Amino acid sequence: CLDWEGQLHEFGSQWRTDDCNDCSSSRDGIRCCSSYATPVDYDDEKCESIFSKETCSYKVVEKDDHSKECPVHSWVG
């Protein structure tokens, strides 16, 4: 299979893209989905979400002190 970046992938192979999508190929084509969950229910006045491409994950921290994590009540992915 040839992906949208022009790279060739064998049937049955799996890989993670630079933008944190998990992909797999088969004779039916290529399927991709996000490899991370997104925080949706937290105090967005006091806190902010920060995405790390290195770990493909979000961290929710206080806006004024990034060393303090905030509770997240709901994630979507």
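The values are calculated or read from the model by the stated rules, or taken from the named source; none is laboratory data. If you're wondering where the values come from, they're calculated on a predicted model, not measured in any experiment. Please note: Cβ atoms are built from the backbone with ideal geometry, for glycine as well, and neighbour counts cover all protein chains shown. For the accessible areas, the whole protein counts, side chains as well, though only heavy atoms, and no ligand, DNA or RNA atoms are used. Shrake-Rupley method; radii C 1.70, N 1.55, O 1.52, S 1.80 Å.
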Check: Given the conditions (1) open to solvent by 80 Å² or more (accessible area, probe 1.4 Å); (2) among the charged types (D, E, K, R); (3) out of contact with any Asp or Glu (no Cβ under 6 Å at 6 or more places or on another chain); (4) free of Cβ contacts under 8 Å to residues at least 24 places away in the same chain, and given that Lys63 satisfies all but one, which numbered condition is not satisfied?
Finding: (3)
Note to self: I'd like the full set of residues that are open to solvent by 80 Å² or more (accessible area, probe 1.4 Å) and not hydrophobic (A, V, I, L, M, F, W, C), limited to region 16-42.
What the structure shows: Arg16, Asp18, Asp19, Arg27, Asp28, Arg31
Notebook entry, point to check: In region 1-12, which residues are open to solvent by 80 Å² or more (accessible area, probe 1.4 Å) and in a loop (DSSP other than H, G, I, E, B)?
Noted result: Trp4, Glu5, Gln7, Glu10, Phe11
